[in-house]
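The values are calculated or read from the model by the stated rules, or taken from the named source; none is laboratory data. A quick note: this is a predicted structure, and the numbers were derived from the prediction, not measured. Neighbour counts run over all protein chains shown; Cβ positions are idealised from the backbone, glycine included.
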Amino acid sequence: MDQTISDKTSDQSRQTGEDTAAGWGVTGLGALGALAMTSCCILPLVLVSFGVTGVFIAQLGALYAYKWYTFALSAAFLGYGFYKAYKPVSPNTCADGTCDRPINRTVMRMTLWAAAAIVAVAMAFPYITPFILKL
């Protein structure tokens, strides 16, 4: 009887740890997807504003052809990350006090919202640029 209870609690803590690792992993992939979205449009302007020059900056514009692929991947990662960050924790999971450490979802949520904002700016940037350049 005691062994079945300890097996059940170790399975619950392992499942909680796997959820935490999966949530942070997907959050990291969503942030990397957001950075990939900036590589064609925003990143060259940032590099030039910091004084970085070179032929490779012009070649970053070639990544514009892959904009929709990077958007699809980053949207998928962000969507799954938001699912993991906002999914309610079952009260039965930690009822007996076997949770390793509760997930700090505030940091995870802030990271996901920042990455989503970067993706939104990167998607809107080609359409906003003509208005910015007229000023």
What are the residue pairs meeting all of these: first residue in the stretch 66-87, first residue over 24 Å from ASN104 (Cβ atoms), second residue part of a loop (DSSP other than H, G, I, E, B) and modelled with pLDDT under 85, Cβ atoms under 6 Å, and 6 or more apart or on different chains?
LYS67/CYS40
In the stretch 26-72, the residues that are β-branched (Val, Ile, Thr) and part of a loop (DSSP other than H, G, I, E, B):
VAL52, THR53
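Quick one: which of SER74, SER90 is surrounded by 11 or more Cβ atoms within 10 Å (Cβ to Cβ), at pLDDT below 75, among the polar types (S, T, N, Q) and under 24 Å from the mean Cα position of the chain (by Cα)? Give the steps one after another, and end with the answer.
Values: SER74 fails: at pLDDT below 75.
Only one candidate passes the filter, namely SER90.
Here's the yes/no breakdown for (1) within 22 Å of ALA124 (Cα to Cα); (2) among the charged types (D, E, K, R):
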{"site": "MET37", "(1), (2)": "yes, no"}
{"site": "PRO44", "(1), (2)": "yes, no"}
{"site": "VAL48", "(1), (2)": "yes, no"}
{"site": "THR53", "(1), (2)": "no, no"}
{"site": "LYS67", "(1), (2)": "yes, yes"}
{"site": "ALA72", "(1), (2)": "yes, no"}
{"site": "ALA75", "(1), (2)": "yes, no"}
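Specify which of the listed residues (TYR69, TYR83) is surrounded by fewer than 14 Cβ atoms within 10 Å (Cβ to Cβ), over 22 Å from ALA22 (Cα atoms) and at pLDDT 85 or above.
Criteria check complete, one pass: TYR69.
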